[in-house]
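The structure appears right after this line, and notes come after that.
The values are calculated or read from the model by the stated rules, or taken from the named source; none is laboratory data. In this text the structure is predicted, and so the values were computed from the model without any measurement. Positions of Cβ are backbone-derived with ideal geometry, glycine not excepted, and every protein chain shown enters the neighbour counts.
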2 protein chains.
Amino acid sequence: MTVSKTAEKSSGKPADAAKGRKDAGEPQAEALQLGELSEQLGYVLKRAQLKVFENFLRCVASLQLTPAQFSVLLLVEKNPGRNQTEIASTLGILRPNFVAMLDNLESRDLCTRIRSTNDRRSHILVLTDKGKAVLARAKKLVATKHEARLNDLLGQANREALLAMLAKIANEF
Amino acid sequence: MTVSKTAEKSSGKPADAAKGRKDAGEPQAEALQLGELSEQLGYVLKRAQLKVFENFLRCVASLQLTPAQFSVLLLVEKNPGRNQTEIASTLGILRPNFVAMLDNLESRDLCTRIRSTNDRRSHILVLTDKGKAVLARAKKLVATKHEARLNDLLGQANREALLAMLAKIANEF
DNA sequence: CGATATTTGGTATGGTCCATAACAATTATC
DNA sequence: GATAATTGTTATGGACCATACCAAATATCG
């Protein structure tokens, strides 16, 4: 597959190599045939994922949160008192790569590392008040602007079916 | 969201920070709560995408093809005589990044750049005989090992519904 | 107890992918 | 025929991912 983030200079959908295709009378090199590509799970999946992330970023742009950061805040809120290793591995983040991420969140006063008294090796992660507030606002934005759009596009039932299938793939494929 | 490729050193599913969870009698720090994370479209989507790519790579490992390379070969076969810009932009690949990719495929004698006689700036892309043969084998592997697995997992009808929804997201989100 | 192994957070580093700027050669435009 | 646009390309930087390694703290076991 392939699918990068900012499709050429052209419009949104990358599948139009040609310019301002309308129905004008230009010599216009006709559009390419996607062919079997549109049946490839990985291709469509990646395309969809990029679009969703892109939309997510726009929706929470005012809070300056990436999908990854949002997931960290969500998980820390739901599981306060856990250490870096636990949070990171649950999200599939490798511990070394989690350090800079936490440095960022901590520098913005969204979460805090606390030396555990039981095990003085580990850092307990906790959301700051600001972190909780930002997360609350992020949730609202995501719910009303981002996830709601799926319902408009697919309908409630289909949206749930989609999530269920994706979860199944993520867990059993 | 987040989701890296090789979840920690632990097993497959990243959602088990703890070790060999069974039902033994260890002090074992209980598993984390995913919470609202499992309802986040982007999170589940990314997770699924990583799993699918991972499986794709395994299925065509004998041919040494990445999803991106596979998509290029597919598109060139379906649209012979197109130049680099057209193929790249259709796939959402930026032209500068497409150069090294083609260098690779060409060095393996899977496709060829041909100077166009009409426009001597552009390179026409064509699959070599070896390229066609490799692609044919890849298709077979993908169909029988990769895509077939989706049917086993979701069933034919659901698989088609999933692809349709993903395509809709990719195009209209 | 004390030697050894393991775990935790962290640093350093390299790879891959993605994005932008710039350039020469060629072609289009006026 | 001068200027603009296009094509393939190089160079470069950023983001993300993965591995090896380290010191401090803890666990394990003789």
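Quick rundown of the values:
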quantity: Leading residue by the ranking (farthest from B:GLU86 (Cα to Cα)) among those in the stretch B:115-133 that are near DNA strand C (Cβ under 8 Å from one of its atoms) and of a type in the set (D, E, K, R); calculated: B:ARG120
quantity: One residue from A:LEU74, A:LEU41, A:LEU57 being at the interface with chain B (Cβ under 8 Å from one of its Cβ atoms) and within 30 Å of B:PHE70 (Cβ to Cβ); calculated: A:LEU41
quantity: Per-region count, the stretch B:150-170, residues within 7 Å of chain A (Cβ to nearest Cβ), surrounded by fewer than 19 Cβ atoms within 10 Å (Cβ to Cβ) and at pLDDT below 95; calculated: 0
quantity: Hits in the stretch A:140-149 - residues which are in contact with a helix residue (DSSP H, G or I) (Cβ under 7 Å, 6 or more places away or on another chain) and more than 9 Å from chain B (Cβ to nearest Cβ); calculated: A:LEU141, A:LYS145
quantity: Residues being near DNA strand D (Cβ under 9 Å from one of its atoms) and crowded, with 20+ Cβ neighbours inside 10 Å - total across the stretch B:73-97; calculated: 5
quantity: Residues (away from every other protein chain (no Cβ under 14 Å) and assigned to a loop (DSSP other than H, G, I, E, B)) located in the stretch B:94-120; calculated: B:ARG108, B:ASP109, B:LEU110, B:THR117, B:ARG120
quantity: In the stretch B:77-92, the residues that are small (Gly, Ala, Ser), facing chain A (nearest Cβ under 7 Å) and part of a helix (DSSP H, G or I); calculated: B:SER89
quantity: First in the stretch A:71-82 and hydroxyl-bearing (Ser, Thr, Tyr), second anywhere and modelled with pLDDT of 95 or more and not in a loop (DSSP other than H, G, I, E, B), Cβ under 7 Å, 6 or more apart; calculated: A:SER71/A:LEU91; A:SER71/B:LEU37; A:SER71/B:TYR43
quantity: Any chance A:ARG137 is more than 12 Å from DNA strand C (Cβ to nearest atom), more than 7 Å from chain B (Cβ to nearest Cβ) and not in a loop (DSSP other than H, G, I, E, B); calculated: yes
